[in-house]
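Peer 1: Here you go, one structure.
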Amino acid sequence: MSGIAAAFRRHPELMVAAILVVTVVTIGLVNPVFWQPSNLFSLLRASVITGILGLAVLLVMLSGGIDVSFPAFAIAAMYLTVKAMIAWGFDSILPAFAMATGIGLLLGLVNAVFVHYLRMIPLIVTLGTGTAVRGFILGIVGTSQINIDQMPQRLIEFGRGQLFSVTQADGSQTGLSAMVLVYALIALLVHLLLRYTMVGRGIYALGGGEEAARRVGFNIRQTTFLVYGLAGAIAGFAGLLHGAMIWTANPRDMVGLELDVIAAVVLGGASIFGGRGSVIGTILGGLTLIVITNSLIILGIDTTWQRVVVGLIVITATAATAWRDRKRIA
Amino acid sequence: MAAPLIELRHVGKSFAAVRALEDVSLSIGRGEIHCLAGENGSGKSTLIKVVSGVWQPDQGELLIDGQRIESMTPRAAIAQGVQVIYQDFSLFGNLSVAENLALSSELQEGRKLVSWRRVRQIARQAIDRLGVELDLDAPVETLPTSGKQLVAIARALMSDPRLLIMDEPTTALTGREVAALFRVVRDIQSRGIAVLFVSHKMREMLEISERLTVIRNGRVVAAGPIAEFDEAAITRAMTGQEIAAEGYRWEPSPGAAPLLEVEGLTIPGQLEDVSLRVMPGEIVGVSGLLGSGRTELALALFGMRPGYAGRIRIGGREVRLDSVQRAIGHGIAYVPEDRLTEGLFLAQTIDRNMLATSLPRLSRAGVIQPGRAARDAAGMIREMAIATPTGDRPVTQLSGGNQQRVVIGRWLLNDPRLLILNGPTVGVDVGSKSGIHRKIRELARARGLGVLMISDDLPELVENCNRILVLHRGRLVSDTPVEATSETALGEQLAALA
C-alpha cells in the first residue's frame, strides 16, 4: 500500500487519472448512453477550449501567480480579429490566428508589467486588466454578436474540420473534431517547454522561491514576462479557436469561465502556492471537469446544478492540494 | 609567507546615514576555518555581502591572492571561488535534489535545453564528492533541515570554491546533526578549501574554528587564533558587557502545593506514561533529542492533544485539557518554537500582537476598550523592556530577541500560572538572550509562576532551571536537580541516547 501512496505523492497526475476513471465508469454505469461515440467525441471537443486555457493558467500558477484575465483576453482577441477580418475582408486562417495570438500576447505583457515592475498581487492585476479589457471591447469596439451569416467562411470551415468519423449503432454519423489535434499540439509544446528547456525550469524555480531563483542565476523579469505573455498569447489563440468552433463571435462570451479553468488546473494537481503541476495533470483535470459538468444531463440532473458542481470542485480540489502542500512544507 | 586567500583592508560601508561597516580588516588563509562572530545587526551580513560582491565597499580594499580587486561583483566573486550558503539555503523545495544540484551549473554554462540524464550525472558527481547519501529524486522539501543543508553544501562545492561562507549553519540543527556538519566542514577543509563560519553560538566557534573575528556595531572588536579566546571573552567582545552565568536557585516554600501534577500522561506513539510535577516558582527544563516527545508534552499541556490518556491536576484540582481555550482558562501559556509562524502576527503592530490573547478581558459587551488596551500594552512594553519608541510599529521591525519578548509579554498579560517555553531563545543573540533569561527567572521568582523550559541549548537549561527532565522516545528517563548535573553530564546523557 505504501508503494501506491508514494507513487501518488511523486506523480500527482495518477490521482487525477484515478478520479477520471472512477467518474467515467460511474457515469457509464448509471447511463450507458455515455459510451456512445457521439457523446465521447462531444466531451473531447468540449474539453478543447477549457484545456487550452488551462495550459495558460498552468504556466502562471507554476510561476507562483494566478490569472483571471484570460477569458476577457480571449474574447477581446477573438472579437477584434473577427471584426478586423470582416472589415478588411481577409479570411485566411494563419494571419487570423497570428493576429489573435498577438493581441493576447500584448495584453499578457501588460499583466507582466504590473506584476513585475509594480510588484502587485497577480490576482488584483488580472482582475483589473480583465475587467478593463471587457469594458473596452464593449464600450469602444462593439456590443453586437457576430453570427454565422457574417462570420468569415474559412474560419467556420476550419472549426468544422474532423479527424475521422464513425457510424453509430443507430446508423448516424459522428466525427471527432480536428480541434482536438490543435489542443494536443499546443499541450505538447507547453510540455516540452516546461520539461526540457531552462526557461521552463525557470518557471518552476520562480514558483519554488523567487529569491532562490534569482540567486541561482535565473532572469526573473524575463521569466515573468514569458509566463504572462505566453499565457495571454495562448488565451488569444484559444479565443479565436472558440469562435471558429461555435461559429459566432460574442463579446459577452466566456463570462465566469475563469473559475472552470482554474478548477480544471487545480484538479490536475497544480498547487495554488506555485511550483507544482504538469501538462498531463492539467489535461486530465480539464477532461474530468468537462466529463462531470457535461454529464449532468445524461445523469438526469438539472443543468442549473452545473455551477454548484464547478464551485464544489474548486473548493475540494484546492483544499486537497493545499492540504498536500502544507503537509510537505511542515 | 604566501599572501592570504582573501583579505579586507580598512573596509567601510554605509547605507544612507547608517554606518554598517567601519574600518574592518580581516584576512582568511587557504584552507582555514575562520569564524565571524557578532550579534544580530552587528554588520556580519553586510560583511558577507561585501566579500561575495553583492555590495561594493565605500572605503578600503579587497584583495584576493594578494591582488587588489577593483570592483567585486557576485559573478566575479563566484569566478574567484567564493561561494555563500545562506541561512535559508536558497533551495527549491518543489524540485528534486538532482535538479537543485544541477541548475546553477547548467545556467552558468548557458544551456538552453535540459537533459535529465546529464542533470542526474552532475548531481551524482556532486553527491559523491561530498561523500554522503541522498535520494536524487526526492523533492527537496521532503528532506530534513540537515539534508537540505547537505544539498546546499554539495551545490556550493560543485563550482570548485576556495572559500565557502556559511551563514548561521547550525541554527536549525540538533546536536547530532551539528556534529555531522562539522565532520563535513573538516573534510572540506582537508581539501584546502577555506570556510568562513558565521555564527553567534560560542560553543560551536570554539569547537570548529581556527581563527576568530568578532564584530560589533560594524567594527572589529577582537580577532586572533581561537586559542586566545574562551567563552566569556567572546561574549564580552560580542556584547561589550560582562554577562555572567547566574544560575537559578529555588527554595521550596513550606506548605506550598504543586502547581501542576501530571500522572501517566500517554499519547499513543508520542508519549508513554509521563509523570511530573511543577511547584510555583520552579523553572523546570525539558531536554531530549528531536522526536523525544518534548514538544508533544508541551502541546498536550496546552490542550492541543485532546486525545491524551492520564491525569492532569492544576493547583490540586483535576482538569481535562482538551482544548486551547480550556488550557488558557486554567492559566497555561505556551510560547512555541517557531515564533515567526506560530507565535506572531507579522503584518500587525507590536500592540496588537501583545494584546492578541487579552481581548476578551479588555472588552465590554464585545467591544474593546481602547484606553485600557493601550495602557496594558504600553505597560508590558516597559516591563519586558522591548526596544521600541511606541507600540504602533510593525512587529517585523523588531529584532528576534525583542519579538520573543512580545510573545512572552502577551502571555504575561493573561496572568498565567504555568508558562511553557519551547526554545525560548532560538535565533536570539547573546545580549538579548541573557535579558530574556533574566526576565524569565524574575517572573518565576516574583510571581510564583511555574515555567517549563524546553530547549536544545544545554547551557540555557543549566543556567536557568532548578530541575532538568530528559525525555527519550516518549518516556521520562531522568529528573535531576540542577546542582546534581552539569552541561557536560547532560550532553553525555543525550549523546548516549542518540
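The values are calculated or read from the model by the stated rules, or taken from the named source; none is laboratory data. This is a predicted model, so every value here is computed, not measured. Methodologically, a virtual Cβ is constructed for each residue, glycine included, from the backbone with ideal geometry; neighbour enumeration extends over all protein chains shown. Protein only, heavy atoms only, side chains kept; ligands, DNA and RNA dropped before computing areas. Shrake-Rupley method; radii C 1.70, N 1.55, O 1.52, S 1.80 Å.
Peer 1: Among residues belonging to segment A:174-201 that are closer than 14 Å to A:LEU226 by Cβ and of a type outside the set (A, V, I, L, M, F, W, C), point out the one that is farthest from the other protein chains (Cβ to nearest Cβ).
Peer 2: A:GLY200
Peer 1: In addition: Restricting the search to segment B:428-478, which residues are open to solvent by 30 Å² or more (accessible area, probe 1.4 Å), part of a helix (DSSP H, G or I) and of a type in the set (Asp, Glu)?
Peer 2: B:GLU442, B:GLU463
Peer 1: Hey, does segment B:177-194 have a residue that's over 13 Å from B:MET166 (Cα atoms), of a type in the set (Asp, Glu) and buried (at least 17 other Cβ atoms within 10 Å of the Cβ)?
Peer 2: yes
Peer 1: Next question, about the same structure. Under 6 Å by Cβ, and 6 or more places apart or on different chains, what pairs join a residue from segment B:165-191 that is closer than 16 Å to B:ALA152 by Cβ and touching a residue at least 24 places away in the same chain (Cβ under 8 Å) with one that is among the aromatic types (Phe, Trp, Tyr) and part of a loop (DSSP other than H, G, I, E, B)?
Peer 2: So the pair list comes out as B:ASP167/B:TYR86.
Peer 1: Next question, about the same structure. Within segment B:100-109, identify whether any single residue is under 26 Å from B:GLY31 (Cα atoms), of a type in the set (Asp, Glu) and surrounded by fewer than 20 Cβ atoms within 10 Å (Cβ to Cβ), and answer yes or no. Quick ask: steps written out before the conclusion?
Peer 2: To start, the set of residues in segment B:100-109 that are under 26 Å from B:GLY31 (Cα atoms) comprises B:101-102, B:104-105, B:108.
So of that shortlist, the ones also of a type in the set (Asp, Glu) come out as none.
No, that holds for no residue.
Peer 1: Residues in segment B:127-162 that are assigned to a helix (DSSP H, G or I) and either within 28 Å of the chain's Cα centre (by Cα) or modelled with pLDDT of 90 or more (or both): how many? If you could, list the steps in order and put the result at the bottom.
Peer 2: Taking segment B:127-162 first, the residues assigned to a helix (DSSP H, G or I) are B:127-130, B:140-142, B:145-157.
Applying the additional criterion that residues be either within 28 Å of the chain's Cα centre (by Cα) or modelled with pLDDT of 90 or more (or both) yields B:127, B:130, B:140-142, B:145-157.
Within segment B:127-162, residues that are assigned to a helix (DSSP H, G or I) and either within 28 Å of the chain's Cα centre (by Cα) or modelled with pLDDT of 90 or more (or both) number 18.
Peer 1: So, B:ILE312, is that one in contact (Cβ under 8 Å) with a residue 24 or more places away in the chain, β-branched (Val, Ile, Thr) and closer than 22 Å to B:GLY474 by Cβ or not?
Peer 2: Yes: the conditions hold for B:ILE312.
Peer 1: Have a look at A:GLU211, A:GLU258 and point out the one that is open to solvent by 10 Å² or more (accessible area, probe 1.4 Å) and free of Cβ contacts under 8 Å to residues at least 40 places away in the same chain. Full working, then the answer.
Peer 2: Working: A:GLU258 fails: free of Cβ contacts under 8 Å to residues at least 40 places away in the same chain.
So the residue among A:GLU211, A:GLU258 that is open to solvent by 10 Å² or more (accessible area, probe 1.4 Å) and free of Cβ contacts under 8 Å to residues at least 40 places away in the same chain is A:GLU211.
Peer 1: Examine segment A:94-117 for a residue that is open to solvent by 30 Å² or more (accessible area, probe 1.4 Å) and at pLDDT below 90, and state whether such a residue exists.
Peer 2: no
Peer 1: Would you be able to tell me the number of residues in segment A:40-54 that are farther than 14 Å from A:GLY286 by Cβ and either among the β-branched types (Val, Ile, Thr) or buried (at least 17 other Cβ atoms within 10 Å of the Cβ) (or both)?
Peer 2: Just the residues of segment A:40-54 that are farther than 14 Å from A:GLY286 by Cβ, to begin with: A:40-42.
Retained after the next criterion (residues that are either among the β-branched types (Val, Ile, Thr) or buried (at least 17 other Cβ atoms within 10 Å of the Cβ) (or both)): A:41.
Total satisfying the criteria: 1.
Peer 1: Please return the ranges of strands (runs of 3 or more DSSP E) entirely within segment B:214-313 where 1 or more residues are open to solvent by 40 Å² or more (accessible area, probe 1.4 Å).
Peer 2: In segment B:214-313, the matching strands (runs of 3 or more DSSP E) lie at B:219-225, B:260-267, B:271-278.
Peer 1: Sticking with this one: Please count how many residues of segment A:202-232 are at the interface with chain B (Cβ under 8 Å from one of its Cβ atoms), within 22 Å of A:LEU109 (Cβ to Cβ) and in a helix (DSSP H, G or I).
Peer 2: Count: 4.
Peer 1: Checking A:PHE237 against (1) within 14 Å of chain B (Cβ to nearest Cβ); (2) open to solvent by 20 Å² or more (accessible area, probe 1.4 Å): exactly one of these is not met. Which one?
Peer 2: Condition not satisfied by A:PHE237: (1).
Peer 1: So which residues in segment B:66-97 are away from chain A (no Cβ under 14 Å), out of contact with any strand residue (DSSP E or B) (no Cβ under 8 Å at 6 or more places or on another chain) and assigned to a loop (DSSP other than H, G, I, E, B)?
Peer 2: B:GLU70, B:SER71
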